[in-house]
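Comments concern the structure below.
What follows draws every value from the coordinates through simple rules; no lab data is involved. Fair warning: this is a prediction, and the values are worked out from it, not measured in the lab. Note that we place each Cβ from the backbone using ideal geometry, even for glycine, and neighbour counts take in every protein chain shown.
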Amino acid sequence: MNQHDQSETRDMATNPMAELRWLTPELAAFQADEKLHAKIPQGIVKRSEALAGCFLESGAILPGSLLEKSEFASATQWALYWCIAASSSYVCGDPRSGINGEDWQTKEFVSKLTMLMTLMKYIPNGSAPLELVLSEIWAHKMPGSKEATLGADLLLVLDLGNDDEPLKPRIQLFWLQGKAVKYVLKEQEAVYKLHYDQYNDTVGYQSERLRLQHKPEEGSFAFYAQYAHQIPFVPVTPVSRLTEAPASVTADLREIAVRFAEWLVERTLDPSAPSSRETPHEPRGAFASEEDVITFLENAARLSPDAEFAPYSMVCLSARGAAPRVESVAKRIMKHFDAQILAMRNRTLAAISTANSVGGDVADVGQDDQPDDGTENKPTGGKRDFKP
């Protein structure tokens, strides 16, 4: 968390109405800001409201019911909804969208999520029963190489437990790949056009790498998030809604996307909970133990033995009381990714050695593995290839 966020957190913590500083009606309503220039597609509104109906009490009235903790299936899901909704508000409707790129946007999302989770400690009456574990996997190791691995900017690990058995693990993995859209005033609808055409000769299409991790029946979900200046929310779509590359490398989010907070919370519901008829049904799977999580990651890695898997950052959110269990899971996941990163580094060094021995050009080998000035590489916007 940066100094500005720390200061804002302290200010909010001393305010007895701190809860209302992030629990705002404007974030629940699909209201177009006069300063923005893209209309909100009714298809996205309809699908999002339908998903909300799955985790709100029967007879809920939108958007007002989203403000009421008692209207949610559980207090934990209420807290999750508002953490995601509030954090998302910092990375959309922002002029910097598409200028600094999706890397900056995702980092900003994680920073604000951390700030809000810290704030929750000060909310009275235990009204936000979530705890957080934060791990920056790539940030200080190999900054420029992260998209050469999985193509995920963020791994969000959730363990909200079970309603009937709160102490029983219910672990889910969410792999987020952000895409930033440049400001295009004359082409308003462009903000809803997702481009997933990043390709590399070694590992293929980034979207298909993500698809390897999308196993909803097991508890692993891979999705794209769109960041744009012209819209006041973050639309998302799971990779299962995308046509496999290279048959197509663009998608119309007006036809398939939903709002981030509604989609994520609906995924955490018990498998027996009602499903929305507005979106294709996918299982709401979950891992029952940390051993199951590690086995899944190891099996996924075996599918691409020459191209390691590791996201850029990891954030873990748990139901209150489950933090020690999630910390243990996080350590095991980190150990797995450390091995993946080491394998990539060794492959890069071997490639450099081979190129040197034959007098080849080594300028491009591993060039993303080293920051140019000893600090993190600066993120850039727009389409780019990703290098192993």
As a footprinting exposure proxy, order VAL203, VAL91 by other Cβ within 10 Å, with the fewest listed first.
VAL203, VAL91
Can you give the FRET efficiency to the nearest 0.05 for LEU349 and HIS281, using r as the Cβ-Cβ distance and R₀ = 56 Å?
0.75
Just to be sure I understand the model, the point goes 7 Å from the Cα along the line to the Cβ. What's the resulting ALA300 to THR24 distance in nm?
3.4
Quick one: order LEU56, LEU317, LEU342 by neighbouring beta-carbon count within 10 Å, fewest to most.
LEU342, LEU56, LEU317
Output wanted: per-residue J couplings in Hz (rounded whole) for segment 349-355, from phi through Karplus 6.51 cos²θ - 1.76 cosθ + 1.60, θ = phi - 60°, x for Gly and Pro.
5, 5, 5, 5, 4, 5, 5
For segment 213-268, go through all pairs of different Cα atoms, get the mean of 1/r, take its inverse, and jot down that Kirkwood value in Å.
12.3
Classify segment 174-303: rounded, prolate or oblate, from the alpha-carbon gyration tensor (a ≥ b ≥ c, eigenvalue square roots; a/c under 1.5 rounded; otherwise prolate if a/b is larger than b/c)?
oblate
Gap in Å between the Cα centre of segment 48-71 and the Cα centre of segment 214-281?
19
Full extension from SER328 to THR243: what is 0.36 nm times the residue separation minus their Cα-Cα distance, to one decimal in nm?
26.9 nm
Among TRP263, TRP104, which comes first, second and so on when ranked by fewest other beta-carbon atoms within 10 Å?
TRP104, TRP263
Label-point gap, in nm, between GLU291 and VAL358 - each point 7 angstrom along Cα→Cβ
4.6
Net lengthening on full extension, GLN42/LYS193 (0.36 nm per residue, minus Cα-Cα):
52.8 nm
